[in-house]
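J.: This is the structure I have questions about; it appears just below.
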Amino acid sequence: MTVVNLLDFDLDGLAAYCEGLGEKRFRAVQLFRWIHQRGARDFEQMTDLAKSLRAKLASQAEVRPLPVLSEHRSSDGTVKWLFDVGAGNAVESVFIPEGDRGTLCVSSQAGCAVGCRFCSTGHQGFSRNLSTGEILAQLWFAEHTLRGEPAHAGADRVITNVVMMGMGEPLQNYSALVPALRVMLDDHGYGLSRRRVTVSTSGVVPMMDRLREDVPVALAVSLHAPLDALRDELVPLNRKYPLHELLGACQRYLEAAPRDFITFEYCMLDGVNDTEAHARALLKLVGAAGPVGRVPCKFNLIPFNPFPASGLLRSSDERVQAFAAVLIEGGLVTTVRKTRGDDIDAACGQLAGEVQDRTRVHERLTRAPVRVVRISSDTPASLGQD
Ligand code: SF4
């Protein structure tokens with residue numbers, strides 16, 4: 001008999017499963033709370049469930065954690081775990097503490113098929129989607145492991161924010177992502193508000209529209225370029241969903257979003273996308289004269305973490321500051337991401353895990369150098385030039 005992984009269910013799914021065992025919904029709620037709020041795996045511990053139900057569960061279900069291959073702790077408190085997801089694949093999760101906030105960066109796929117040029121995961125290729133249970137196992141493990149440590153003694157909750165920014169494009173694993181998000185938001189689960197759960201996407205437009213309908217959590221969009229010609233190079237998905245379509249989806253998403261702005265992530269690449277002209281083109285792109293009119297947004301500039309296969313370099317601090325100054329002067333809230341966990345390769349774009357590539361992304365990225373798209377100050381926002 002197949003053993004069911006209870007981490008695969010949101011509350012409605014668990015209620016349906018329990019109904020199949022002849023149990024009422026309130027039993028599913030109790031079970032759900034034991035698993036997610038108290039971190040229990042052993043059904044014998046769940047003393048408010050009838051003995052007969054515990055016996056049934058023990059014979060056909062489990063709470064299946066992911067085996068931990070390694071754990072690294074940075075001097076700044078960042079913790080990175082590498083989890084085994086089978087068949088030679090491993091994914092990473094990173095916990096980033098900051099004041100009274102604890103953010104967990106969660107992976108959604110073993111590898112990624114999008115193949116962004118500056119992304120270490122993208123260079124590894126793609127193996128497979130994670131299941132809902134594998135996505136949630138990262139949160140379940142991190143929350144309940146950290147809660148048991150002296151640094152978090154007495155805390156009701158250690159992880160206050162989840163960002164789907166680990167390995168993978170979450171919106172290309174939509175059917176597993178949505179139940180996982182529901183468990184994060186559920187008051188009987190992790191009870192996080194929609195503002196504190198962020199899905200980061202490279203711009204899978206149809207799925208952005210579906211997320212708006214199904215679970216409109218906070219949205220971060222990996223933008224990285226103000227022009228289609230350059231974004232085609234950096235984020236190949238742009239060839240399918242170019243900037244005007246992406247920005248249109250952002251506008252629509254804002255109708256249901258828990259925040260009144262979209263966060264645009266922008267990785268600063270030396271000599272590629274980091275000039276003041278690029279910054280001015282960004283202002284045009286998201287401003288009233290842009291392809292879809294003004295898009296309320298914030299910019300998060302990310303200093304690139306170089307890795308040899310990328311052939312790219314990090315912009316200098318001065319370049320990043322000058323770029324930020326143009327955006328701020330143009331009226332956009334702009335932050336520069338602090339690099340955290342640098343000493344354990346846990347910074348953005350460095351999550352590599354291990355991937356048995358089933359695609360040719362890695363090969364393609366290794367063969368083709370980045371084509372630099374130059375831009376002059378009078379270049380219209382919809383055009384670039386080689
Ligand atoms: S940046 Fe995100 S979408 Fe792009 S390759 Fe990396 S994981 Fe995939």
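J.: Only one of 28, 87, 110, 50 is within 16 Å of the ligand (Cβ to nearest atom) and either more than 17 Å from residue 5 (Cα to Cα) or not assigned by TED's automatic domain parsing to the domain that holds residue 182 (or both); which?
T.: 110
J.: State which residue is surrounded by the fewest Cβ atoms within 10 Å (Cβ to Cβ) when the search covers only the stretch 51-73 and only residues that are charged (D, E, K, R) and touching a residue at least 24 places away in the same chain (Cβ under 8 Å).
T.: The selected residue is 73.
J.: Can you go through 171, 177, 219, 234 and tell me which one is in the same structural domain as residue 261 (by TED's automatic domain parsing), of a type in the set (A, V, I, L, M, F, W, C), over 11 Å from the mean Cα position of the chain (by Cα) and at negative phi?
T.: 234
J.: Right, something else. Name the residue, out of 84, 48, 76, 12, that is crowded, with 16+ Cβ neighbours inside 10 Å, out of contact with any Cys (no Cβ under 7 Å at 6 or more places or on another chain), outside any strand (DSSP E or B) and not aliphatic (A, V, I, L, M).
T.: From the options 84, 48, 76, 12, the qualifying one is 76.
This table checks each residue for (1) surrounded by fewer than 24 Cβ atoms within 10 Å (Cβ to Cβ); (2) away from the ligand (no atom under 16 Å from the Cβ); (3) in contact (Cβ under 8 Å) with a residue 24 or more places away in the chain.
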residue	(1), (2), (3)
125	yes, no, yes
130	no, no, yes
133	yes, yes, yes
136	no, yes, yes
141	yes, yes, yes
146	yes, yes, yes
155	yes, yes, no
158	yes, yes, yes
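The values are calculated or read from the model by the stated rules, or taken from the named source; none is laboratory data. Remember, it's a predicted structure, so these values are computed and weren't measured experimentally. Positions of Cβ are generated from backbone atoms using ideal geometry, with glycine treated the same way; all protein chains shown enter the neighbour counts.
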